[in-house]
Every structure is written in structure tokens, then in C-alpha cells.
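The values are calculated or read from the model by the stated rules, or taken from the named source; none is laboratory data. Everything numeric here is computed off the predicted structure, so don't read it as measured data. Every residue, glycine as well, gets a Cβ built from its backbone with ideal geometry; the counts of neighbours run over all protein chains shown. Heavy atoms of the whole protein, side chains included, go into the accessibility calculation; ligands, DNA and RNA do not. Shrake-Rupley method; radii C 1.70, N 1.55, O 1.52, S 1.80 Å.
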Amino acid sequence: MIRINSIDLTEWQKDVIKAYINHPHNTTIVVKAKRQVGKSICLQQIALCESLNHNGHSVMVVSPTMPQSRRLYKELAELIYDKGIISKKNETLLEIEFRNRSKIYFKSAEQGDNLRGFNCDLLILDEAAFIDDEVFTLLQPATDAKNADVIMFSTPMWEDGFFYNYYQQGVSRCKGVISIDWCNYDTSRFLSNDKLEMYRQQLPKQRFQTEYLGQFISSSD
């Protein structure tokens, strides 16, 4: 596997990348995480691995909003700017093409029907719990032609929707779905207990539960 930089990955990031490398074909990997524990870095590493280790492959990264898509595009483009591996990039369309003909497309759920017609070798969903089920339904055909894998990263939200349902399938060990809960790891290096308690006191209960405890919430909470 090609590593493009010297970033020291955390244990939980490494476990997701290992699952991505070692998974059976046509698998959905679901990653549930708190805020600010390295989802974007892990996502970028996997997108690069898929692109650089497989000539002519296409990766589609879909975020809930266009500003989020632009941020991911900009971060990744800056990360590999001086590595000599980019053939061309398009800041308007948010696309990066590599010298081996692989491409990464950064899309937004806000594009709706404009997401139709794409095919990819890997579909990555950023903050999947905040993407509507209807948009995910639009995206699923993009994986059909090549039996593409799907990797979903997200802070949890409601006990409803495709992200929650797929996560539960992975917990139940359904065939073709792997769920990884970053809340099972010690991520305290990024958030001290004192600061966590401060957020507990300041934030609405549901927001604290999802963003800082990484827990799904029900409509009755």
C-alpha cells in the first residue's frame, strides 16, 4: 500500500484502513465517531490509497454540503501538491486526476439529481448521518457497475436513516457490512475530561450526546 505522507495515524484510523485493505469485495464499512478525532484524515488516506494503488480507478467523495466538499478537496490537493503524482486538478468541479489515470471526485448531497450517471470504484460518504436517504438512493447505482465498496464516516445523529441502519447491520455482523465504533477507543488526547465536562454543561443534551459522546439519539430523547 502506498502512503503519501508521514502522518502518524491513530490506532482507530489504522483499524479502519486495515479493514479497507483486508475486506472482501463489495463491502460497506461504517465508521461511527465523535467530533474532531480524525475522520477527514482517515478519509483522505483511503481515497489516496484507492487512487494510487489501482490505475484508472475512480473515487467519489460525497459530503452533505458544498462547503464541506470544497474543504476536503482543498485539504487533499494541498496535501499532495508537491508529490509529483497529480496530472491535473479542477477547482471548479472539485476533481483531481493522477498520473495513473485515477480520479477523485468531490461531490455534495446538495447537488441532488446531478449526482446521477456516475460510476466509481469506491464511494466515500463524509458525515453520512447528515445525508438524506433519498440522496443515498441516488448514489447507490454509482456502485453497481463495478461492485464498488462503500465507506461511511459520520458523527451519529438519529436512530433512523441509512447510516444508522447500516451501522446496526454491521453490529449484527450481517454479510458485507463492517461497523467500527471509534467511541470504543481512548480518544482523550484530543479532548480532556475537563473540557468534555465544560461541553456537557454548555451544550444542549442531544448535541452533546451525538457530537462528544458519539451516541445515536432516539426521537424520545
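Tell me, yes or no, whether the range 177-187 has at least one residue that is over 26 Å from residue 24 (Cβ atoms) and open to solvent by less than 30 Å² (accessible area, probe 1.4 Å). Yes, the range 177-187 has at least one match. Do the conditions hold for residue 142, that is, is it under 15 Å from the mean Cα position of the chain (by Cα), crowded, with 18+ Cβ neighbours inside 10 Å and closer than 24 Å to residue 16 by Cα? Answer is no for this residue.
For the range 97-110, the set of residues classified as in contact (Cβ under 8 Å) with a residue 40 or more places away in the chain and either outside any helix (DSSP H, G or I) or surrounded by fewer than 19 Cβ atoms within 10 Å (Cβ to Cβ) (or both) consists of 98, 100, 101, 102, 103, 104, 105, 106, 107, 108, 110, listed by residue number.
Residue-wise test of (1) modelled with pLDDT of 95 or more; (2) closer than 21 Å to residue 163 by Cα; (3) more than 22 Å from the chain's Cα centre (by Cα).
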{"position": "179", "(1), (2), (3)": "yes, yes, no"}
{"position": "182", "(1), (2), (3)": "yes, yes, no"}
{"position": "190", "(1), (2), (3)": "no, no, no"}
{"position": "199", "(1), (2), (3)": "no, no, yes"}
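Under the condition of being surrounded by fewer than 15 Cβ atoms within 10 Å (Cβ to Cβ) and without any contact (Cβ under 8 Å) to a residue 24 or more places away in the chain, the residues counted in the range 47-92 number 12. Against the numbered list (1) over 13 Å from the mean Cα position of the chain (by Cα); (2) over 19 Å from residue 108 (Cα atoms); (3) not aliphatic (A, V, I, L, M), residue 45 comes up short only at (1).
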